[in-house]
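Asks: Structure below; questions to follow.
The values are calculated or read from the model by the stated rules, or taken from the named source; none is laboratory data. The model shown is predicted, which means the values in this text are computed figures rather than measured ones. Methodologically, a virtual Cβ is constructed for each residue, glycine included, from the backbone with ideal geometry; neighbour enumeration extends over all protein chains shown. The protein model used for the area step is the full one, side chains on, heavy atoms only, and it has no ligands, DNA or RNA in it. Shrake-Rupley method; radii C 1.70, N 1.55, O 1.52, S 1.80 Å.
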Amino acid sequence: MEFIGSSYKGDTKNGRMDGKGEYTFPTETKYEGEMKEGMFHGKGVLHFPNGSKYEATWENGIAKQGSFTFADGLQYQEKDWDYCDGYDRRVYSERCNGLRPAGESQLSDLHPPHIIPDGCYDCGDGSYDPKARVVTSYSGRFLRNADDSEHEWILRTCRKAWDEAVGVDPENSVAF
């Protein structure tokens with residue numbers, strides 16, 4: 001495990017993960033729960049670095065039944081999902097707490113939103129640089145390279161940081 005950057009704390013049997021334990025992936029995703037013969041087996045929770053989690057019942061390393069909860073507390077529903085469906089564009093905190101007063105728009109579920117470097121996009125778990133095709137965490141840590149599909153999706157749907165000056169250009173303004 002040390003060679004690939006993973007770690008394990010917990011019960012073992014015959015040199016394998018067996019019983020209750022915590023397995024940490026190189027991406028800092030953590031599994032806490034039951035293990036059997038070196039695999040996730042029984043009840044367990046995957047905790048993702050962005051604060052979201054997946055609670056499931058596992059059989060021989062495969063999730064058989066589970067539920068996903070986003071970092072902001074929104075629980076995914078496979079049926080009757082009405083959140084962010086094209087008719088209602090509010091972010092989850094606006095649904096829970098109401099709209100903010102007029103003036104400053106709420107651009108993401110956080111207020112104020114994460115600062116995104118110029119020319120980059122906010123892709124939910126970090127910022128995306130379309131020139132380098134790299135996703136980094138909001139603190140600047142490398143997360144992944146984007147494939148063509150993710151690249152196109154981010155450019156099409158995610159919030160872009162300002163990459164041009166905004167405001168009045170004194171040289172081209174007309175005084176009244």
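Asks: Tell me the residue from E104, E152, E94 that is more than 22 Å from P49 (Cβ to Cβ) and at pLDDT 80 or above, please.
Replies: On the way: E104 fails: at pLDDT 80 or above; E94 fails: at pLDDT 80 or above.
The match here is E152.
Asks: For D80, are the conditions met, namely being in a loop (DSSP other than H, G, I, E, B), more than 22 Å from D125 (Cα to Cα) and without any contact (Cβ under 8 Å) to a residue 60 or more places away in the chain? Give the steps one after another, and end with the answer.
Replies: Values: in a loop (DSSP other than H, G, I, E, B): yes; more than 22 Å from D125 (Cα to Cα): yes; without any contact (Cβ under 8 Å) to a residue 60 or more places away in the chain: yes.
So D80 passes the test.
Asks: Would you call D11 of a type in the set (D, E, K, R), out of contact with any helix residue (DSSP H, G or I) (no Cβ under 7 Å at 6 or more places or on another chain), crowded, with 17+ Cβ neighbours inside 10 Å and free of Cβ contacts under 8 Å to residues at least 60 places away in the same chain?
Replies: No, not satisfied.
Asks: Would you point out the residue of region 14-43, among those that are among the hydroxyl-bearing types (S, T, Y) and in a loop (DSSP other than H, G, I, E, B), that is surrounded by the fewest Cβ atoms within 10 Å (Cβ to Cβ)? Full working, then the answer.
Replies: As a first pass, look at region 14-43 and keep what is among the hydroxyl-bearing types (S, T, Y): 23-24, 27, 29, 31.
Subsequent filtering for residues that are in a loop (DSSP other than H, G, I, E, B) retains 27, 29.
Values: T27: 12, T29: 16.
My answer is T27.
Asks: Now for a different question. Filter region 54-86 down to the residues that are at pLDDT 95 or above and acidic (D, E), then identify the one that is farthest from the chain's Cα centre (by Cα).
Replies: E59
Asks: If you scan region 113-160, which residues turn out to be among the hydroxyl-bearing types (S, T, Y) and open to solvent by less than 40 Å² (accessible area, probe 1.4 Å)? Before you say what the answer is, go through the steps one by one.
Replies: Quick first cut of region 113-160, residues among the hydroxyl-bearing types (S, T, Y) only: 121, 127-128, 136-139, 149, 157.
Those that are among the hydroxyl-bearing types (S, T, Y) and open to solvent by less than 40 Å² (accessible area, probe 1.4 Å): Y121, S127, Y128, T136, S137.
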